[in-house]
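I have placed the structure first, in the form of structure tokens, so that the comments after it can refer back to it.
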Amino acid sequence: MLKVSGLACSRGERRLFSDVDFSLGTGEWLHVQGANGAGKTSLMRLLVGLSPADAGEIRWRGETAPSTEFRRDLIYLGHHAAVKEDLTPLENLRLAAALDGIVLDERSALAALIRLGLRGRENLPVRVLSAGQKRRVLLARLLTRPAVLWVLDEAFNALDVGAVKLLGELIAEHLGNQGMAVLTSHQPLPVPGGKALVL
Amino acid sequence: MNPLFATVRRDVLLALRRKSEVLTAVFFFVIVTSLFPLGIGPEPVLLKKIAPGILWVAALLATLLGLPRLFAADHLDGTLEQMALSPSPLGLLVAGKILAHWLLCGLPLVLLAPVLGLQFDLDPSALGILTLALLLGTPLLSLIGAIGAALTLGVRGGGVLLALLVLPLYIPALIFGAGAVEAHIAGLDVGGHLSLLAAMLVLATFFAPWATTAALRVALE
């Protein structure tokens with residue numbers, strides 16, 4: 001479904017990577033590895049269409065990405081918190097869904113937050129939460145936004161042992177439901193199988 | 001819910017949680033326009049003559065105050081990135097943000113202008129024309145300003161650059177907006193001025209969200 005061929009990226013004069021090829025089918029996931037500065041985040045941003053590639057192409061379901069179809073099937077969580085500090089976790093989830101044109105009722109939003117271990121925190125402003133809890137608010141979007149391809153950049157940062165295990169379970173569940181994932185991480189990931197790509 | 005109105009709702013909600021940002025621009029407008037009558041003294045003829053220009057220049061500067069924050073906060077916390085990747089068209093979300101900016105920053109100026117105009121001894125019909133001109137002109141200021149805010153996003157010292165970029169583009173709105181009130185005071189027809197303001201508004205409504213979106217995509221790269 002996802003096919004990447006000959007992808008290249010440079011920052012200024014420096015070539016970060018070139019000729020990156022991989023393909024992912026349903027139920028498969030890719031672990032992008034590499035030293036600091038190897039271009040893992042650049043690859044992720046290129047993949048989701050935030051920045052243009054120097055060379056190569058990305059195809060999603062046979063069509064050239066990025067397209068509206070691709071964005072509908074995609075969820076990308078990057079380094080940023082991507083939550084509003086002045087809003088509560090519940091408002092953050094529901095407004096993010098509304099911006100995507102999805103109606104998310106309070107019950108499903110609450111269920112997602114509870115699954116992420118934020119019971120009792122749903123009506124506090126996000127700015128009073130800890131870094132790990134903010135990360136969990138963001139991760140709750142994985143449950144509320146239907147998407148086939150998950151692109152998670154360093155998603156395991158700032159998470160405690162329990163949350164790492166939980167995110168591993170969520171990804172495994174997603175792969176079991178015909179999903180796909182591209183992850184970057186320096187740690188070994190608690191998800192079985194998976195292809196590896198070293199930059 | 002339509003993504004456009006969802007964006008408006010989100011930005012209005014955020015502004016209500018952090019009222020100081022909205023109130024700064026409104027108080028700036030009130031104070032600047034009040035300083036002139038106090039400084040010049042009780043000279044009704046002079047005050048009446050300079051009133052349209054002063055109210056319009058103050059409105060331009062008050063609009064400019066809130067512009068650097070239009071996209072900066074969303075850019076910083078990564079929500080702008082999420083908007084760019086949303087299945088909803090980014091142009092629609094950007095239009096929502098501009099509409100919210102006008103509701104929070106432009107509309108209060110329109111509503112306050114008739115009250116502040118009293119300090120300049122403007123008669124009721126002149127106040128009406130002033131309000132109408134601002135009602136057509138302030139959305140134009142938000143639309144043009146959004147292009148500048150997107151172009152200077154992430155640039156160090158972007159605030160000053162934004163002013164240098166946007167203020168010259170505000171000149172047509174200033175000329176026809178203030179000109180409408182001056183023409184009315186002089187007993188001339190104001191239809192031409194207001195029609196030109198409305199035409200510029202229509203043009204900007206179609207063009208500005210598109211240009212802003214293109215500039216934001218470059219800033220996000």
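A short reminder: the numbers here are calculations on the coordinates, not readings from a lab. Source: prediction; values computed, not measured. Note that we place each Cβ from the backbone using ideal geometry, even for glycine, and neighbour counts take in every protein chain shown.
Near B:G96, within a Cβ-to-Cβ distance under 11 Å, what is the net charge of the other residues, with Lys and Arg +1 and Asp and Glu -1? The partial results should precede the final answer.
Values: positive: B:R9, B:R10, B:K97; negative: B:D11.
Neighbour charge sum, excluding B:G96 itself: +2.
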- Query: region B:3-220: D in µm²/s via Stokes-Einstein (Kirkwood Rh, Cα pairs, 25 °C, 0.890 mPa s)?
  - Reply: 138 µm²/s
- Note on the structure: Final fewest-first order of B:R17, A:R135 on the 10 Å Cβ neighbour count is B:R17, A:R135
- A:A8: net charge of surrounding residues, Cβ under 9 Å, Lys/Arg +1, Asp/Glu -1, itself excluded? -1
- Query: Considering only DSSP beta bridges whose two residues both sit in the protein assembly as shown, what percent are antiparallel, to the nearest 5?
  - Reply: 45 percent
- Query: Where does the charge balance sit around B:T7 when Lys and Arg score +1, Asp and Glu -1, over other residues with C-beta under 13 Å from its C-beta?
  - Reply: +1
- Which value in Å does the Kirkwood hydrodynamic radius of region A:84-146 take, with 1/r averaged over all unlike C-alpha pairs and then inverted? 11.2 Å
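Suppose a student asked you for the relative contact order of chain A, using Cα pairs under 8 Å spaced at least 6 residues apart; what percent would you report? List each step's numbers first, then the result.
Details: 337 pairs, mean separation 59.6, N = 199.
Relative contact order, chain A: 30 percent.
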- Task: Ignore the peptide's own chain and count Cβ atoms of other chains within 10 Å of each Cβ in A:49-61; give me the average, rounded.
- Result: 1
- Message: If you take each beta carbon of peptide B:83-95 and count the beta carbons of other chains within 10 angstrom, what is the mean?
- Response: 5
- What number, rounded to the nearest 500 deg cm²/dmol, is the helix-based mean residue ellipticity at 222 nm of chain A, given -39500 (n - 2.57) per DSSP H run of at least four residues and division by all its residues? -9000 deg cm²/dmol
- Using the Cα centre as the reference, give the magnitude of the dipole from point charges on the C-beta atoms of region B:3-220 (Lys, Arg: +1; Asp, Glu: -1; all else neutral), rounded to the nearest 20 debye. 520 debye
